[in-house]
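Below: one structure, written as structure tokens.
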Amino acid sequence: IIGFVNYRIDYGTKTGGATIISLGMISNSGSKLSYTYGNDMNGDGQSNDLIYIPNKATDLKFATLTVGSGATAQTFTPAQQQEAFEAYIDNNPYLKDRRGKYAERNGAAFPWLNRFNFSAVQEVYFKVGPKQMKNTLQFRFDILNVGNMLNNKWGVGYVSTTTQPLTVSKVDNAGLPSYQLATQVVDGQTVLLRDSYVKSITIDNVWQAQFGIRYIF
């Protein structure tokens, strides 16, 4: 969705000037993604198997997960992983709606992103030469992603923490798999997966300003 509002004030034609104020908006849906297991679930040699979203996380069997080694090692129990996976599903609108079903190929999507750009242009007219031709000196000031200047939470895109929340740890003799939940790093600490998306930290996700001068003849 693209929108544009423009307001212009003229002070004259051959002499004088004009002020132009513009506000543009771009709103777009996020790209598609698929939730798959972190390893080969069905034994076909490909790690692209869509996950099953249980009605409740306790329907799945989890295996103890140890992250790191030595003094920094962290161990997460099956009960902790079940609790974290239940919260993860609840906080993801797509997965929450698919409880009791398999995820769809390209069925999920990143959140919508809305951004606004602001520009102010000041034009000064004057006559030049024996024919008194109209020339224009134009000063332009742009603020890209202006909403982010007003609130640092606005106009910021997202990245996925992972599209593979579950890994098959082992399969018992009866064919029942045990899973391990993915982890993420929060404030330098490794925790069980909790966020589907986090804010993207790049220069494209902060407001930027630019100033330009143009001479039109």
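The values are calculated or read from the model by the stated rules, or taken from the named source; none is laboratory data. Just so it is clear, the structure is predicted and the values come from calculations on it, not from any experiment. Virtual Cβ from ideal backbone geometry, glycine too; neighbours counted across all protein chains shown. Keep in mind that these areas ignore ligands, DNA and RNA; they rest on the heavy atoms of the full protein, side chains included. Shrake-Rupley method; radii C 1.70, N 1.55, O 1.52, S 1.80 Å.
Quick check on my filter: what residues within the range 120-161 are open to solvent by 40 Å² or more (accessible area, probe 1.4 Å) and touching a helix residue (DSSP H, G or I) at 6+ places or on another chain (Cβ under 8 Å)?
Matches in the range 120-161: Trp154 only.
Among the residues of the range 190-197, is there at least one that is among the acidic types (Asp, Glu) and surrounded by 15 or more Cβ atoms within 10 Å (Cβ to Cβ)? If you could, list the steps in order and put the result at the bottom.
So in the range 190-197, the residues among the acidic types (Asp, Glu) come out as 195.
Of the ones still in play, those that are also surrounded by 15 or more Cβ atoms within 10 Å (Cβ to Cβ) are 195.
Yes, there is a match, as at least one residue in the range 190-197 is among the acidic types (Asp, Glu) and surrounded by 15 or more Cβ atoms within 10 Å (Cβ to Cβ).
Got a number for residues in the range 12-37 being loosely packed, with under 12 Cβ neighbours inside 10 Å and at pLDDT below 90? So that I can check it myself, show each step before the final result.
Within the range 12-37, the first condition is being loosely packed, with under 12 Cβ neighbours inside 10 Å, and the residues that meet it are 12-14, 29, 31.
Filter once more, keeping what is at pLDDT below 90: 12-14.
Of the residues in that region, 3 qualify.
Within the bounds of the range 165-180, is there any residue that is open to solvent by 30 Å² or more (accessible area, probe 1.4 Å), under 21 Å from the mean Cα position of the chain (by Cα) and more than 17 Å from Thr36 (Cα to Cα)? Spell out the reasoning first.
We begin by selecting, within the range 165-180, every residue open to solvent by 30 Å² or more (accessible area, probe 1.4 Å); these are 167, 169-176, 180.
If we keep only those that are under 21 Å from the mean Cα position of the chain (by Cα) as well, we get none.
No: the range 165-180 contains no residue that is open to solvent by 30 Å² or more (accessible area, probe 1.4 Å), under 21 Å from the mean Cα position of the chain (by Cα) and more than 17 Å from Thr36 (Cα to Cα).
Could you please let me know if Thr75 is open to solvent by less than 40 Å² (accessible area, probe 1.4 Å) and either farther than 30 Å from Asn6 by Cα or more than 20 Å from the chain's Cα centre (by Cα) (or both)?
no
For Asn114, work out the one condition from (1) touching a residue at least 12 places away in the same chain (Cβ under 8 Å); (2) open to solvent by 60 Å² or more (accessible area, probe 1.4 Å); (3) part of a strand (DSSP E or B); (4) out of contact with any helix residue (DSSP H, G or I) (no Cβ under 9 Å at 6 or more places or on another chain) it doesn't fulfil.
(4)
Arg99 passes all but one of (1) surrounded by fewer than 18 Cβ atoms within 10 Å (Cβ to Cβ); (2) in a strand (DSSP E or B); which number fails?
All conditions pass for Arg99, except number (2).
How many residues does the range 166-194 hold that are free of Cβ contacts under 8 Å to residues at least 24 places away in the same chain and either at positive phi or in a loop (DSSP other than H, G, I, E, B) (or both)?
Of the residues in that region, 6 qualify.
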